[in-house]
1. What number of residues within region 61-85 satisfy the criterion of being under 18 Å from G47 (Cβ atoms) and open to solvent by less than 40 Å² (accessible area, probe 1.4 Å)?
2. Consider D119 against the criteria (1) closer than 25 Å to S52 by Cβ; (2) modelled with pLDDT under 90; (3) open to solvent by less than 70 Å² (accessible area, probe 1.4 Å): it satisfies all of them except one. Which criterion is unmet?
3. For L110, are the conditions met, namely being modelled with pLDDT of 75 or more and touching a strand residue (DSSP E or B) at 6+ places or on another chain (Cβ under 6 Å)?
4. Can you tell me which residues in region 44-70 are in a strand (DSSP E or B) and either at pLDDT 95 or above or more than 14 Å from T123 (Cβ to Cβ) (or both)?
5. Restricting region 89-107 to residues that are modelled with pLDDT of 95 or more and in contact with a Leu (Cβ under 8 Å, 6 or more places away or on another chain), which is surrounded by the fewest Cβ atoms within 10 Å (Cβ to Cβ)?
6. Could you say whether any residue in region 101-109 is in contact with an Asp or Glu (Cβ under 9 Å, 6 or more places away or on another chain), over 17 Å from G78 (Cβ atoms) and in a strand (DSSP E or B)?
7. I'd like to check something: does region 93-115 contain any residue that is under 25 Å from the mean Cα position of the chain (by Cα) and acidic (D, E)?
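The values are calculated or read from the model by the stated rules, or taken from the named source; none is laboratory data. Because the structure is predicted, anything quoted here is derived from the model rather than measured. In this analysis, Cβ positions are derived from the backbone assuming ideal geometry, glycine residues included, and neighbour counts consider all displayed protein chains. Surface areas here come from the heavy atoms of the whole protein model, side chains and all, with no ligands, DNA or RNA. Shrake-Rupley method; radii C 1.70, N 1.55, O 1.52, S 1.80 Å.
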Amino acid sequence: MFALFLSGNRFLRWGLAVVLTLIGAALGVGEALAHAALVRSEPSDNGILAASPAEIRLWFSEPISPQFSTVRLLDVNGHEVKLESLHLAPQDAYLLIVDPPELIPGVYSLHWRVLSETDGHFTQGLLVFGVGEQANLASATTAEEEVSVPVLEVLLRGLNYGLLAGMIGAVMVVQGVLTTQGAEAVHEALQRGRRRILKWAGLCAWLYFLV
């Protein structure tokens, strides 16, 4: 692709620059929109069960990493109920299974925080359900926990934006600035500058996709 920048006509070079810019922008938007969302659950949110569930099942829109995901179950008084296990369903990376102990009648709130294997971002949410016909869902502990964004995620996101800016900026400089036709020595200097900047753009593009 970068060879075409050097050898093609001006319209082709501008066209490739625009395409590259649009691809980078689309990737940035896709990254911002791609998060693991809870699609459905068993029990359902605000559902009331006749007896304690053997499993709590959470279906997400993206594959989940169980090693970096956490789930907390609180009773009506805000006391944490110790869970037996947390794991993915066999052959299904979208289904997270929680194994609770035997739950006495009452209202429970499930606070989940999961890591998407697709984009590496954390999402969180709350699921409220009752056990027993007399469960009063209005009494559930629904306070959301404060979640800090991992430092590594902040650094990688900043690096991604910086590399994208460097890639697009380099291409724009080559196409918008270093296009003057002059004396042979000046022209050769411009060509050397173009090649160096395009190499920098290629390096930024490669690192951007890697990150």
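1. Initially, region 61-85 is screened for residues under 18 Å from G47 (Cβ atoms), giving 71, 73-76, 81.
Going one step further and asking which of them are open to solvent by less than 40 Å² (accessible area, probe 1.4 Å), we end up with 71, 73-75, 81.
Residues flagged as under 18 Å from G47 (Cβ atoms) and open to solvent by less than 40 Å² (accessible area, probe 1.4 Å) within region 61-85 amount to 5.
2. It fails just one condition, (1).
3. Working: modelled with pLDDT of 75 or more: yes; touching a strand residue (DSSP E or B) at 6+ places or on another chain (Cβ under 6 Å): yes.
Spelling it out, L110 is indeed modelled with pLDDT of 75 or more and touching a strand residue (DSSP E or B) at 6+ places or on another chain (Cβ under 6 Å).
4. Taking region 44-70 and keeping what is in a strand (DSSP E or B), we get 47-49, 56-60, 64-70.
Correct list: G47, I48, L49, I56, R57, L58, W59, F60, P66, Q67.
5. P101
6. Here is the first cut: in region 101-109, the ones in contact with an Asp or Glu (Cβ under 9 Å, 6 or more places away or on another chain) are 101, 103-109.
Narrowing further to those that are over 17 Å from G78 (Cβ atoms): 101, 105.
Keeping just the survivors that are in a strand (DSSP E or B) gives none.
No: region 101-109 contains no residue that is in contact with an Asp or Glu (Cβ under 9 Å, 6 or more places away or on another chain), over 17 Å from G78 (Cβ atoms) and in a strand (DSSP E or B).
7. Among the residues of region 93-115, not one is under 25 Å from the mean Cα position of the chain (by Cα) and acidic (D, E), which makes the answer no.
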